[in-house]
Amino acid sequence: KPRIFSGIQPSGGLTLGNYLGALRRFAGFQGTGPETIYCVVDLHAITVWQDPAELSRRTREIAAAYMASGVDPEQSILFNQSQVAAHAELAWLFNCVARLGWMNRMTQFKDKAGKNSENSSLGLYAYPSLMAADILAYRATAVPVGDDQKQHVELTRDIAAKFNHDYGVEFFPQPTPLIEGTATRVMSLRDGSKKMSKSDPSDASRINLTDDADTITAKIRKARTDAEPLPGSAEGLKDRPEAKNLLNIYSALTGESIDEILGKFEGQGFGTFKPALAEIAVDVLAPITSKMSQFMADPAEIDRILGKGATRAAEIAQPVVEEAKGIMGMIRSR
Ligand code: TYM
């Protein structure tokens, strides 16, 4: 049975990268056949320190963002990870299937741990194994994500294959990463070689879903660019990462191709292009931001929705984990 699963960490405010690369695509899978399951991954967030009150607030904020972008908690299952014990339980089983060498190759760990990896949490290292559990506890078949999560979904496939092979079963499917569009990797506004990230120390490097129109406009105006005018076609953007990033964002926001956009702006400078981009970004984001704050005005309602989603999620995930334990030879006598 086709099933879509995706997750977002409540470890910071959402960025335009999260929105264009992942979030805005989620609602579109509803009503197309596969069951859709969307998670706020609070257990992943605590792999680095989170202030408890902030973690609660951000968990609700991510839930609000899912709903503001069209995820309907009736049509989809929307919940926070820690309310469904199957995730942590299956992650342990996978910790015993995955190999240290596989984890050592994960680039996100290397980026997040930095030079001081000795002082990272053990959870940060095991992070991909929990992500595999998120996906495979539902035996999900497709995982819409941004480009930066591709390696983790591939590792999930390796874990599924090794489990099946080691126990001689065809139990876990091979989930496919769905990485689509012109915004699979939105870059920092300050540095075209770094991805836009909620954890970047510079707020000017990103557009947050909670930024107001003036802030968005100012950040785009100050975005780093070169001094060349815009070329007539996409080929002319080679070796111009900052320009390319702004055009990709424009393209993702409007649905126009890069060549179409350049047809309108050929020969013009960023002094003309940036205000046009800012206007479009504000138009797209303002309704999302305002819906998010409407949802956030009623935190008890968000908690109720997450609780209901968690009950539905557990009904799928818990039997899968029980079956996996049975396959491994664990006795269940009550
Ligand atoms: P997270 O919370 O960092 O990001 C959420 C989603 O946003 C995408 N994304 C981007 N897309 C384009 N450009 C960017 N600059 C950008 N930054 C982030 C991410 O690829 C992601 O799709 N490990 C995951 C959360 C997770 C998960 C899962 C996802 C946990 N379990 C199971 C899918 C399935 C993460 O840290 O995403």
For the range 206-223, name all the residues that are of a type outside the set (G, A, S) and crowded, with 16+ Cβ neighbours inside 10 Å. R206, I207, N208, L209, T210, D211, I216, T217, K219, I220
Within the range 110-132, residues being closer than 16 Å to W49 by Cβ, in contact (Cβ under 8 Å) with a residue 60 or more places away in the chain and not hydroxyl-bearing (S, T, Y) number 3
Listed by range, helices (runs of 4 or more DSSP H) wholly within the range 1-100 having at least 1 residues that are in contact with a His (Cβ under 8 Å, 6 or more places away or on another chain), away from the ligand (no atom under 14 Å from the Cβ) and charged (D, E, K, R) are none
Pairs returned, first residue in the range 305-334 that is in the same structural domain as I135 (by TED's automatic domain parsing), second residue that is surrounded by 12 or more Cβ atoms within 10 Å (Cβ to Cβ) and modelled with pLDDT under 95, beta-carbon separation under 6 angstrom, 6 or more apart or interchain, are none
Checking the condition among the aliphatic types (A, V, I, L, M) and either in contact with a strand residue (DSSP E or B) (Cβ under 9 Å, 6 or more places away or on another chain) or within 16 Å of the ligand (Cβ to nearest atom) (or both), which residue from I280, I305 passes? I305
The conditions are (1) surrounded by fewer than 21 Cβ atoms within 10 Å (Cβ to Cβ); (2) under 23 Å from V186 (Cβ atoms), and G17 fails exactly one of them. Which is it? (1)
Which of (1) more than 10 Å from the ligand (Cβ to nearest atom); (2) under 19 Å from V321 (Cβ atoms) is the odd one out, the single condition R190 does not satisfy? (2)
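The values are calculated or read from the model by the stated rules, or taken from the named source; none is laboratory data. Everything numeric here is computed off the predicted structure, so don't read it as measured data. Cβ: placed from backbone, ideal geometry, glycine included. Neighbour counts: every protein chain shown.
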